[in-house]
Amino acid sequence: MDSSLNTPEMQRFLNQEKEKAMVTEMIGKLTSMCWDKCITGTPGSKFSSSESTCLTNCAQRYMDMSIIIMKRLQQ
């Protein structure tokens with residue numbers, strides 16, 4: 001195995017890339033889930049106020065639950 005893969009810099013880089021991938025995956029799941037829940041018709045040029053409120057609340061709940069889960073996993 002190449003010893004350059006075990007350097008602290010490489011480990012930091014790999015950890016950062018893993019974190020980026022996790023954030024990207026979370027955003028994708030959040031977008032898909034909240035879109036399916038809140039956008040019931042064909043979207044126009046703007047979201048309606050109820051769609052906007054629903055998207056905001058959905059995203060906030062998703063983020064809150066993600067934080068709770070992360071804290072539990074760290075215990």
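Filtering region 57-70 for residues that are surrounded by 10 or more Cβ atoms within 10 Å (Cβ to Cβ), in a helix (DSSP H, G or I) and touching a Lys or Arg at 6+ places or on another chain (Cβ under 7 Å) leaves a non-empty set. Counting only residues that are closer than 26 Å to I67 by Cβ and open to solvent by 100 Å² or more (accessible area, probe 1.4 Å), region 28-55 holds 4 of them.
Out of all the residues in region 8-21, is one or more in contact (Cβ under 8 Å) with a residue 12 or more places away in the chain, surrounded by 11 or more Cβ atoms within 10 Å (Cβ to Cβ) and outside any loop (DSSP other than H, G, I, E, B)? Looking through region 8-21, none of the residues is in contact (Cβ under 8 Å) with a residue 12 or more places away in the chain, surrounded by 11 or more Cβ atoms within 10 Å (Cβ to Cβ) and outside any loop (DSSP other than H, G, I, E, B).
Against the definition (acidic (D, E) and under 13 Å from the mean Cα position of the chain (by Cα)), how does E19 come out, yes or no? The answer is yes for E19.
Given the condition at pLDDT 90 or above and in contact with a helix residue (DSSP H, G or I) (Cβ under 6 Å, 6 or more places away or on another chain), answer yes or no: does some residue in region 46-53 qualify? Yes - at least one qualifying residue is present in region 46-53.
In region 33-62, the residues that are at negative phi reach residues that are charged (D, E, K, R) and open to solvent by 60 Å² or more (accessible area, probe 1.4 Å) with C-beta atoms within less than 6 angstrom, at least six apart or across chains, in these pairs: C58/K37.
The values are calculated or read from the model by the stated rules, or taken from the named source; none is laboratory data. These numbers were taken from a predicted model, which means no experiment stands behind them. Because the Cβ atoms are built from the backbone with ideal geometry, glycine has one as well, and the counts that use them run over all protein chains shown. For the accessible areas, the whole protein counts, side chains as well, though only heavy atoms, and no ligand, DNA or RNA atoms are used. Shrake-Rupley method; radii C 1.70, N 1.55, O 1.52, S 1.80 Å.
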